[in-house]
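A short write-up of the structure that comes next.
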Amino acid sequence: MTRRTQAKCYCLRTRMALHPGISAPVADRLGPHDVPEVLTFLEDEPVLNVYLIALVLRDALARPHDAWWGARREGRLSALLFVGSHSGAVLPAGEDPEGHRLLGERAALEPPPRAARYQVIGPRAAVAAVRERFPERGAVARLERSQVYLSLSRPPGPAGTIAPELRTARREDYSFLYHAGADLRAEELLEDPRVIDPVAYARRVEEECRDGWTWVWRDSRGLCFRAGISALTAHAAQVSGVYVPPALRGGGIATQALGELCARLLLRCRIVCLFVNDVHLPALALYRRLGFREIAPWASAFYPPAD
């Protein structure tokens, strides 16, 4: 937790203690007219909130079927919650557990359309508070992950010299990405998208082959490495889906390829960030070798499809 966040939390707790009735959170559904206020709130923590900032910049809180909720105390935002009705992503921001419980309750009462399945991802305390009320009281996740959020501000070497073979994905990479992405999800999330949602998964892989946000390293051995950029702003880039086939692990491929990717991204923004399961010791060791440092506790909870 940063000093700024610590100070904000202290002030919030102090106001709540001195004026518990006055400062009770009030929940509102947010829209395009709230964009300036939402960006100001999120940019207080521009690395932790990079994905949400990128969503606001892309959609201006106006994308159909996605919902943005805000909790205010004394007229000021203290907690946010994004709910994607198609993606199922439920993403909290802020340091106000009472506010997040209220937002979780409001989101749970929303009428259809609703996602087939939900995943709540974000700062650990905020995720825990939202889950007390969302998707419903007593709901049991099929999978829970405690994670750490890491950041890197200095490149491990000059861009173009660490792994010059690294490039963005192309159409001819489809088969490799299709199977690598599914293997990664099966390994990390214990489900195979080729089985549970094959049409949507195939469409997503097609997008990865042309969106310029997926990076690969291929040589005579086949696909050696893949990673994606899930969010990019002027301040930070969030990396996700880092994967090396099991047969090639331990040979330094991930260190070289991810180091190269980070070096290139740091030419475009100030920070590279990602989150990783806190029990994934080989991955943590890799990221620390590259210079990543822990900045916050993180968590994810994945819910099964609704009956």
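Taking the criterion of being touching a residue at least 12 places away in the same chain (Cβ under 8 Å) and outside any loop (DSSP other than H, G, I, E, B), the residues of segment 41-66 that qualify are Phe41, Leu42, Val50, Tyr51, Leu52, Ile53, Ala54, Leu55, Val56, Leu57, Asp66. Every test in (1) outside any helix (DSSP H, G or I); (2) of a type in the set (A, V, I, L, M, F, W, C); (3) open to solvent by less than 70 Å² (accessible area, probe 1.4 Å) is passed by Ala234 save one, and that test is (3). Checked against (1) in contact (Cβ under 8 Å) with a residue 40 or more places away in the chain; (2) more than 17 Å from Val47 (Cβ to Cβ), Leu248 passes all but a single condition, namely (1). The set of residues in segment 155-185 being assigned to a helix (DSSP H, G or I) and under 16 Å from Ser240 (Cβ atoms) consists of Leu177, Ala180, Gly181, Ala182, Asp183, Leu184, Arg185.
This table checks each residue for (1) open to solvent by less than 10 Å² (accessible area, probe 1.4 Å); (2) out of contact with any Lys or Arg (no Cβ under 7 Å at 6 or more places or on another chain); (3) free of Cβ contacts under 8 Å to residues at least 40 places away in the same chain; (4) of a type outside the set (A, V, I, L, M).
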| site | (1), (2), (3), (4) |
| --- | --- |
| Leu152 | yes, yes, no, no |
| Gly160 | no, yes, no, yes |
| Leu190 | no, yes, no, no |
| Asp197 | no, yes, yes, yes |
| Tyr201 | no, no, yes, yes |
| Gln256 | no, yes, no, yes |
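When Arg203, Arg218 are checked against the criterion of being more than 24 Å from Arg270 (Cα to Cα) and not in a helix (DSSP H, G or I), a single residue qualifies: Arg218. Of all residues in segment 263-275, those satisfying the criterion of being crowded, with 21+ Cβ neighbours inside 10 Å and aliphatic (A, V, I, L, M) are Ala263, Leu265, Val272, Leu274. Of all residues in segment 126-152, those that are within 15 Å of Gly104 (Cα to Cα) and within 15 Å of the chain's Cα centre (by Cα) total 2. From Arg270, Arg226, grab the single residue that is touching a helix residue (DSSP H, G or I) at 6+ places or on another chain (Cβ under 7 Å) and among the charged types (D, E, K, R). It is Arg226.
Residues in segment 98-140 that are farther than 25 Å from Glu188 by Cα, open to solvent by 30 Å² or more (accessible area, probe 1.4 Å) and among the hydrophobic types (A, V, I, L, M, F, W, C): Leu102, Leu109. Residue count for segment 67-90, restricted to those that are open to solvent by less than 20 Å² (accessible area, probe 1.4 Å) and in a strand (DSSP E or B): 15.
The values are calculated or read from the model by the stated rules, or taken from the named source; none is laboratory data. The structure presented is a predicted model; accordingly, all values stated were derived computationally and were not measured. Reconstructed Cβ throughout: ideal geometry from the backbone, glycine too, with neighbour counts over all protein chains shown. Calculation scope for accessible area: heavy atoms of the full protein, side chains included, ligands and nucleic acids excluded. Shrake-Rupley method; radii C 1.70, N 1.55, O 1.52, S 1.80 Å.
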